[in-house]
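Heads up, the thing below is written out as structure tokens.
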Ligand SMILES: CC(C)(COP(=O)(O)OP(=O)(O)OC[C@H]1O[C@@H](n2cnc3c(N)ncnc32)[C@H](O)[C@@H]1OP(=O)(O)O)[C@@H](O)C(=O)NCCC(=O)NCCS
């Protein structure tokens, strides 16, 4: 899926996702939701929990020809529902900030905003990200914490 979306995911992310899913990197076993039909995969969401009560969606991707039909929403809603059942209160997503001026991510930020995620910061450079890619930090609350 990532290889089919080169405008969004650099080649190094393919191996990174493989290692995260197998647990070779990352602090705890991640959870992955996969949208599949007729034996083919349309998209997936990967979430990791490093601290009690919080999680990060580290990857979300749907094949271009399957986008805009609710697959990503279904994946994220299922992921957030499972995380909420596991006592997760807040969920983080990092994506490309608007200041990058990179058109493909306009729809991506709209997607997260419509799913309840709100931007809390922009970090540039973010350690681990290639230079010139300002990171927008988005969070969604699954319940109150105070
Ligand atoms: C972001 C992504 C996972 C959403 O999955 P999706 O199946 O296209 O999303 P849905 O069909 O459930 O929702 C469509 C919504 O996403 C947005 N969107 C993102 N890309 C879109 C596209 N190519 N076509 C239509 N809508 C798109 C729209 O704002 C739409 O909002 P709405 O529901 O309020 O109308 C998917 O478009 C994708 O893989 N994009 C490229 C990779 C990427 O940006 N990943 C996230 C990195 S942080």
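Select from segment 101-113 the residues that are surrounded by fewer than 16 Cβ atoms within 10 Å (Cβ to Cβ) and over 16 Å from the mean Cα position of the chain (by Cα) and list them in ascending order.
Hits for segment 101-113 are 101, 103.
Can you name every residue in segment 114-132 that is in contact with a strand residue (DSSP E or B) (Cβ under 8 Å, 6 or more places away or on another chain), in contact (Cβ under 8 Å) with a residue 24 or more places away in the chain and either more than 22 Å from residue 26 (Cα to Cα) or surrounded by 18 or more Cβ atoms within 10 Å (Cβ to Cβ) (or both)?
Listed by number, the residues that qualify are 115, 116, 117, 122, 124.
Within segment 48-71, work out how many residues are over 10 Å from the mean Cα position of the chain (by Cα), surrounded by 14 or more Cβ atoms within 10 Å (Cβ to Cβ) and within 9 Å of the ligand (Cβ to nearest atom).
Within segment 48-71, residues that are over 10 Å from the mean Cα position of the chain (by Cα), surrounded by 14 or more Cβ atoms within 10 Å (Cβ to Cβ) and within 9 Å of the ligand (Cβ to nearest atom) number 5.
Every number in this text was worked out from the coordinates using simple rules, so none of it is lab data. In this text the structure is predicted, and so the values were computed from the model without any measurement. All Cβ positions, glycine included, derive from the backbone under ideal geometry; neighbour counts span all protein chains shown.
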